[in-house]
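Since every read-out is calculated from the coordinates, none of them should be taken as a lab result. Worth saying up front: this structure is predicted, and the values here are computed from it rather than measured. No Cβ is skipped: glycine too gets one built from the backbone with ideal geometry, and neighbour counts run over all protein chains shown.
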Amino acid sequence: MATNTQRSAFRVVIIDDDPTVLLAATGVLGSLGLEATTFQNPVDALQHIRETGVDIVVSDIYMPDHDGFTVLKELKTNAPGCDVILVTARGDMETAVRALREGATDFVTKPLTAASLRAAFERTRRFHSLSEEKRVLESEVDALKTRIQELTRAESTLLGDSQAMEEVRAQATRVAQVDVTALITGESGTGKELAARFIHEGSPRNEGPFVPVNCASIPAELFESEMFGHRRGAFTGAVDEAKGFVSAAEGGTLFLDEIGDLPAGSQAKILRLLEQRTYTRVGDPTEQQADVRIVAATNQDLVAQVEQNRFRQDLYYRLAVCHIHMPPLRDHKADIPTLALYFALQAASSMGREIERVSTETMQRLLDYGFPGNIRELRNIMERSVIFADHTEELLPEHLPPLEKPPPPSPEGEEPPTVKSDLNMESVERQLYVEALKRTENNVSAAARVLGISRGKLRRRLAALDGQQDA
């Protein structure tokens, strides 16, 4: 037999073969502003719960057909989000411990009193509310993690369809699949850290941390402490323990940027880390295992450094197990339109601007420039341009800063790289959007976030571009 009352904020079910207990329990619930559906038969109650769901269940333990522990077990399997209060006339400690151990939220003994039942309901209601808040927070955290992963993928995207960038991506993809040390070389601003992140994201270590370290910024006297950590009191000023960069990168990738600037003593310590996969903290004689993958980068010619005895030859060979060279932007100028549009969209998103296009004239000016600062300079130019492009959807030539530096001369005997003169920005824009969708497995929302535009705007722009293509 089931008795229904009006729907309350909490869906409550009471199960007891004694109708007087059901009556007493519903009375206490009424004083708390709660209402319930009551059952004398546990089988009927479980069927009702399977069909409608439940938030809180109050169940007697000893009943003819099902005991309360059987009910509790089925609820934990079929209604894991509900909270269960078990009721029994046998108020021994062993039964109470078993109830809580098997997942009951609370335990009440008979004869029921208004005070004891009210207290159990209040505790359970608070617990249920906290559990709901915890589930909401966990959902928000999961969403945030997804967003961070999408942003990380965006940061590790090696854009560009030139042959030079195709080769870089192919090399980086192969390197990512094997857990070996890698060395990335190239001029300043060519995207060496971007390539390192690409390797990390494509590797089995992508769930671990990516820890970038600028070797040039660490004083020689602090290198060992910063890199490997130290114990408290290991030296004057060591008031707390520090775990160091190697420990922070445990299970992931340690990116050593500007490796060519390491002094000789620090080079020896990195060599030992690479060869033995162990390290010791300052002030701690215990040897630690290093579960990290090292990717290093430099804008210097390490071979020349080795010949001048400024860089250890053995360290160079250990670092250059896999070598990737990042080309200067002047050697793959055909990628400038895609990169410029991407950086403009990113900057517009962060600054609250409406920019969604770059004019052909604007792009031609960029193509005519030499970019001595490479991709980093291009990004800075696009960010500065967006600042001065308020109340417009298109980036125009007047928004660009002065681009007066002449292109650097090509090496003797080489022709300067050329770019197609029939620049089609609609084609560039479509290509960027399609690439974003491809890299997010056709997830429109994720692609829009990577590009820095709304989902609706991405759909509208794709529709407009497709319409232009069909015309």
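Pull out the extension gain between Glu394 and Asn442, defined as 0.36 nm times the separation in residues minus the alpha carbon to alpha carbon distance; nm, one decimal.
Taking Glu394 through Asn442 to full extension adds about 14.7 nm, to one decimal.
Computed per residue of the chain from DSSP H runs no shorter than four, each worth -39500 (n - 2.57), the mean residue ellipticity at 222 nm is -15000 deg cm²/dmol. The lysine pair tally for the chain, using Cα distances under 29 Å and a gap of 8 or more places or different chains, is 25.
Computed over the chain, the P(r) curve from all C-alpha pair distances, binned at 10 Å from the origin, holds 4, 15, 18, 14, 13, 14, 12, 7, 2, 0, 0 percent per bin.
Rg and Dmax, both from the Cα atoms of segment 200-291 and both in Å, are 13.2, 42.
To the nearest 0.05, what FRET efficiency results for Arg460 and Glu166 with a Förster distance of 22 Å applied to their C-beta separation?
Values: r = 30 Å, r/R0 = 1.39.
So the FRET efficiency works out to roughly 0.10.
Compactness of segment 160-327 was expressed as the Cα radius of gyration divided by 2.2 N^0.38 Å, which yields 1.04. Our coupling estimate for segment 324-335, obtained by passing each phi through the Karplus curve with A = 6.51, B = -1.76, C = 1.60 and θ = phi - 60°, is 10, 10, 8, x, x, 4, 5, 8, 9, 5, 4, 8 Hz, Gly and Pro reported as x. Centre-to-centre, using Cα atoms only, segment 425-462 and segment 76-105 are separated by 52 Å. So how tilted is helix 336-351 from the main axis of the chain? Cα-based, degrees 0 to 90, rounded to 10. Between helix and principal axis, roughly 40 degrees. Taking amide hydrogens as placed 1.01 Å from N in the peptide plane, the amide H of Val282 sits under 5 Å from those of Gly229, His230, Arg231, each at least 5 positions away in sequence or on another chain. A cut-off under 12 angstrom between Cβ atoms defines the neighbours of Asp44, and their net charge, with Lys, Arg +1 and Asp, Glu -1, is -2.
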